[in-house]
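A short write-up of the structure that comes next.
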Amino acid sequence: MDDIRADAGHAPLISVIIPVYNDTARLSLCLGLLQAQTIADRAEIIVVDNGSTEDLSAVKSRFGTVRWLHEAKPGSYAARNTGINAACGHILAFTDSDCLPAPDWLEQGIAPLMGDNPPSFVGGAIDLVTTRPSGLSPAELFDLASGFPQHRFVEHVHFAMTANMLTLANTMKWVGPFATTMKSGGDREWGNRAWSMVGPGRYVDAARVGHPTRSSPPEVLKRVRRVAGGERDRKPGWRDCLAFCARQLPPPRRAILDIAAINPARASWPAKAGAMLFAYRTRLALIRYRLELQFGGESTRS
């Protein structure tokens, strides 16, 4: 990859865009790993504060080369769009403040975009990182099993989660920015748009980031609430609402099979049974949240 390096005076090849909302400790870990990338000399890092109430001054002082922006409109997609508008890079790379990029994440992720026939976007692997090797809670086992199936998302649903997504800046200009009306699911809407307008995306297993599992029911249910909100924002009608709720009524077969497949050294069968029950509880929570939104509630980012 030596041919992609350039003099310090040149524009950055890659702009890494990270929205943040009250996540200072994990953001510091993420920024440290980004500054240790194999091609860190070709990247600019842009952090967009989305209205945090935490004091960011310490992390700003520690990472003085990072570009710090602010977006007052709530929602990570609004923050990402602010980063996109300020980016100087030929390639845009997206991750989140709680992610842990592998040392060669950028080098592996940009490779398909440097060729003669680049994909509309690249989605890399998202590895779940647990709090401990065994004794996991039902919520954490469920999150570990369901996690982030990025390969399936790219190949079958035609999008990449923005925890690990890269695209050419010119593709973003052509396709347009993320939909700011959505607080969840905007990556899916954008990916589907890009696939239709530009061509297929590509999954790159070697471009990896870590992501901590959610270890408690409230943490998982925050994600469930965001999913329900994104679904309402994407398809707001009553017919779509009822169809979505009906799809959640059967037991979550895929999650149950994935939980069953967890290494026995990590979870006993009673623990797996608890996680399977929790998985169905999340289905019921999705129905409840989706109906609440249909009756006038507001989708949230947390």
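Readers should treat all values here as calculations from the given coordinates under stated rules, not as data from a laboratory. As the structure is a prediction and not an experimental result, all values here were calculated from the model. With ideal geometry, Cβ positions are generated from the backbone for all residues, glycine too; neighbour counts draw on all protein chains shown.
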- Rounded to 10°, Cα long-axis angle of helix 269-294 versus longest principal axis of the chain: 80 degrees
- Message: Kirkwood hydrodynamic radius, region 217-294, all distinct C-alpha pairs: what's the number in Å?
- Response: 13.4 Å
- Enumerate the aspartates and glutamates that Lys235 could reach by cross-link, defined here as Cα to Cα under 12 Å, with residues fewer than 8 away along the same chain left out. Glu189
- Note on the structure: Excluding residues fewer than 8 positions from Lys60 in its own chain, the aspartates and glutamates with Cα under 14 Å of it are Asp23, Asp49
- Could you tell me how many degrees, from 0 to 90 and to the nearest 10, lie between the Cα long axis of helix 186-197 and the main elongation axis, the longest principal axis, of the Cα atoms of the chain? 60 degrees
- Query: Under 23 Å Cα-Cα from Lys173, which lysines qualify once same-chain neighbours fewer than 8 residues away are excluded?
  - Reply: Lys73, Lys183
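Going by the alpha-carbon gyration tensor, a ≥ b ≥ c the square roots of its eigenvalues, is region 47-114 rounded (a/c under 1.5) or, if a/c is not under 1.5, prolate (a/b greater than b/c) versus oblate?
Values: a/c = 2.01, a/b = 1.48, b/c = 1.36.
Here region 47-114 falls in the prolate category.
Once you sort the root eigenvalues of the Cα gyration tensor of region 165-260 as a ≥ b ≥ c, which label holds: rounded (a/c under 1.5), prolate (a/b larger than b/c) or oblate (the other case)?
Numbers: a/c = 1.89, a/b = 1.29, b/c = 1.46.
Oblate shape, in that a/c is at least 1.5 and b/c is the bigger or equal ratio.
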- Item | Mean ellipticity per residue at 222 nm, deg cm²/dmol - from DSSP H runs of n ≥ 4 across the chain, formula -39500 (n - 2.57) | -13000 deg cm²/dmol
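Ranked highest first by the average count of other Cβ atoms within 10 Å around their residues, in what order do 140-151, 65-76, 38-49 fall? Present the calculation step by step, with values, prior to reporting the outcome.
Details: 140-151: 22.0, 65-76: 16.6, 38-49: 20.0.
Peptide ranking by packing, descending: 140-151, 38-49, 65-76.
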- Radius, Kirkwood style, for region 235-279 when every pair of distinct Cα atoms is counted (Å): 12.2 Å
